[in-house]
Amino acid sequence: MSAQTTVTATVGDAPGVPRSLSDRLPRPWAFPLLAYFSTWILTLGVWTWLGDRNERYVPSIERRKYDGWELHFIFKDASNYLDVARLGYPDHLPVDPATGDVAANNTAFFPLLPMLVKAVAWPLGGRYVLAALLVSVVLGAASAFAVWKLADHLRGRRVADRAALLYCLFPGAFVFGFLYSESLAALLAALCLLALCQRQWLLAGVLAGIGTSVRPNMVALCLACAVAAGIAIHRDRDWKALWAPLLSPIGGAAYLVWGALRYDDARFWFKTQEQGWDQHTDWGVNTVKRVLWLDDSVRAEPAQNLMHTVFFVLAVIGVVWLLREKFPPAITVFTLGVLLLSFTASAQGSKPRFVWTAFPLFVAAATRLRGRALAVVLVVFAAGFVWLGAWSPLHYGRGAP
């Protein structure tokens with residue numbers, strides 16, 4: 001940890017400095033949990049307003065499996081995760097008979113989240129939707145705590161409190177109300193980065209290894225571990241640091257090896273992504289088109305495209321603040337890696353939930369936003385949270401932002 005980090009982390013404890021909001025609670029760690037559960041007030045309000053308004057947009061196959069509030073919670077990718085939890089992965093890769101290409105299938109979805117749902121569903125007598133809701137709530141709360149804990153380590157309790165509020169109310173956090181994997185990814189990433197800052201190399205490697213079995217963009221943790229280990233070895237000859245990068249890819253690699261053996265195809269996941277789901281790396285072409293409104297297909301979706309543009313700008317502002325903070329290099333590398341992987345993917349770009357996954361941006365923002373400025377930002381964020389939570393189910397074919 002740098003000298004700057006050490007100094008700023010202790011400023012909040014200086015005499016005469018008002019106590020943080022969390023320090024005024026009987027248990028300071030309850031603050032990020034309260035911030036998280038406040039988002040469920042917004043989510044339940046959105047669900048109440050939606051009622052059955054979104055049913056006509058939901059494919060009939062989903063309406064046959066779910067009804068009522070379940071159609072709000074089991075939204076698009078959530079249905080795929082739940083199918084994996086219930087049924088496992090397909091025995092073989094389906095093929096489109098017209099083209100011979102691999103058809104869309106659930107091997108695109110990494111295994112850890114459905115494994116957790118399946119584990120919780122077993123003692124609940126196979127009530128998978130209830131298990132999914134419990135898993136989602138616990139992971140969301142735990143991710144808020146982990147981000148708060150990391151921010152506390154970096155910049156002290158007062159900044160941590162503000163970072164938790166920004167993280168929980170950022171519009172992309174509306175996926176707290178879905179069975180999506182972003183909360184689990186953020187939880188493991190925050191804990192891994194904290195372990196790297198504390199030079200707990202084995203723990204960091206294990207957490208990163210688990211994290212890479214959640215989402216493909218968690219490969220950014222491998223980069224963070226490599227950078228942290230390289231610095232520790234160069235400065236201190238701490239060869240134990242190698243545990244972190246060596247263990248970091250294990251989870252994702254294990255899934256890819258398992259699939260390669262099961263489907264007799266080392267490129268099974270890539271074929272599913274490219275041919276089945278039409279997703280690939282386009283090196284930022286789609287992001288540039290959206291941000292600059294360069295073609296007719298983009299201009300035909302003004303609301304969605306404006307959203308991409310706004311969140312790209314917010315991400316750029318966040319990156320500038322992040323670089324000025326001079327956080328430990330591993331944290332900066334992780335954040336930039338997550339954003340780069342998103343911005344260079346053909347179907348992701350600057351979607352709010354992918355910007356949200358780069359959560360160290362909120363720690364950087366929390367060092368600058370306070371008082372009235374913070375209050376205004378939080379109100380705007382909460383409004384965006386509600387809007388996205390209501391807009392997405394009414395535009396089912398567009399996907400979750």
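The values are calculated or read from the model by the stated rules, or taken from the named source; none is laboratory data. A quick note: this is a predicted structure, and the numbers were derived from the prediction, not measured. Virtual Cβ from ideal backbone geometry, glycine too; neighbours counted across all protein chains shown. Accessible surface is based on the protein model in full, side chains and every heavy atom, while ligands, DNA and RNA are left aside. Shrake-Rupley method; radii C 1.70, N 1.55, O 1.52, S 1.80 Å.
Here the helices (runs of 4 or more DSSP H) wholly within region 257-316 that include at least 1 residues being open to solvent by 30 Å² or more (accessible area, probe 1.4 Å), farther than 28 Å from ALA103 by Cβ and of a type in the set (Asp, Glu) are 296-299.
Here is a check on your reading of the model: is VAL129 at pLDDT 95 or above, in contact with an Asp or Glu (Cβ under 8 Å, 6 or more places away or on another chain) and either farther than 20 Å from THR335 by Cβ or outside any helix (DSSP H, G or I) (or both)? Judged against the criteria, VAL129 is a match. Answer yes or no: is there a residue in region 230-251 that is in a helix (DSSP H, G or I), of a type in the set (A, V, I, L, M), open to solvent by 30 Å² or more (accessible area, probe 1.4 Å) and under 23 Å from PHE362 (Cβ atoms). No, there is no match, as no residue in region 230-251 is in a helix (DSSP H, G or I), of a type in the set (A, V, I, L, M), open to solvent by 30 Å² or more (accessible area, probe 1.4 Å) and under 23 Å from PHE362 (Cβ atoms).
Just one of the listed residues (SER350, SER342, SER346) is under 15 Å from GLU301 (Cβ atoms) and hydroxyl-bearing (Ser, Thr, Tyr), namely SER350. Of the residues in region 166-176, at least one is part of a loop (DSSP other than H, G, I, E, B) and buried (at least 24 other Cβ atoms within 10 Å of the Cβ).
Within region 195-215, the residues that satisfy the criterion of being surrounded by 24 or more Cβ atoms within 10 Å (Cβ to Cβ), among the hydrophobic types (A, V, I, L, M, F, W, C) and assigned to a helix (DSSP H, G or I) are LEU196, TRP201, ALA204, LEU207, ALA208. Close contacts from region 334-345, counting a first residue that is farther than 19 Å from ARG290 by Cα and a second that is open to solvent by 40 Å² or more (accessible area, probe 1.4 Å), with Cβ to Cβ under 6 Å and a gap of 6+ residues or different chains, come to GLY337/LEU223.
Here's the yes/no breakdown for (1) open to solvent by less than 30 Å² (accessible area, probe 1.4 Å); (2) out of contact with any Phe, Trp or Tyr (no Cβ under 6 Å at 6 or more places or on another chain); (3) farther than 22 Å from ALA164 by Cβ:
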site: LEU341; (1), (2), (3): no, yes, yes
site: PRO352; (1), (2), (3): yes, no, no
site: PHE362; (1), (2), (3): yes, no, no
site: ARG372; (1), (2), (3): no, yes, no
site: ALA383; (1), (2), (3): no, yes, no
site: VAL386; (1), (2), (3): no, yes, no
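Can you pull out the residues in region 285-301 that are under 18 Å from LYS351 (Cβ atoms) and either touching a strand residue (DSSP E or B) at 6+ places or on another chain (Cβ under 9 Å) or of a type in the set (Asp, Glu) (or both)? Residues satisfying the conditions are ASN286, THR287, GLU301. Which of the residues that make up region 26-62 are free of Cβ contacts under 8 Å to residues at least 12 places away in the same chain, in a helix (DSSP H, G or I) and open to solvent by 100 Å² or more (accessible area, probe 1.4 Å)? Matches in region 26-62: LEU34, ILE41, THR48, ARG56. Assess whether SER346 counts as being more than 17 Å from TYR167 (Cα to Cα), open to solvent by 70 Å² or more (accessible area, probe 1.4 Å) and of a type in the set (S, T, N, Q). No.
One line per residue, one yes/no per condition, for (1) under 16 Å from LEU187 (Cβ atoms); (2) assigned to a helix (DSSP H, G or I):
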| site | (1), (2) |
| --- | --- |
| ASP83 | no, yes |
| PRO90 | no, no |
| ALA104 | no, no |
| SER143 | yes, yes |
| ALA163 | yes, yes |
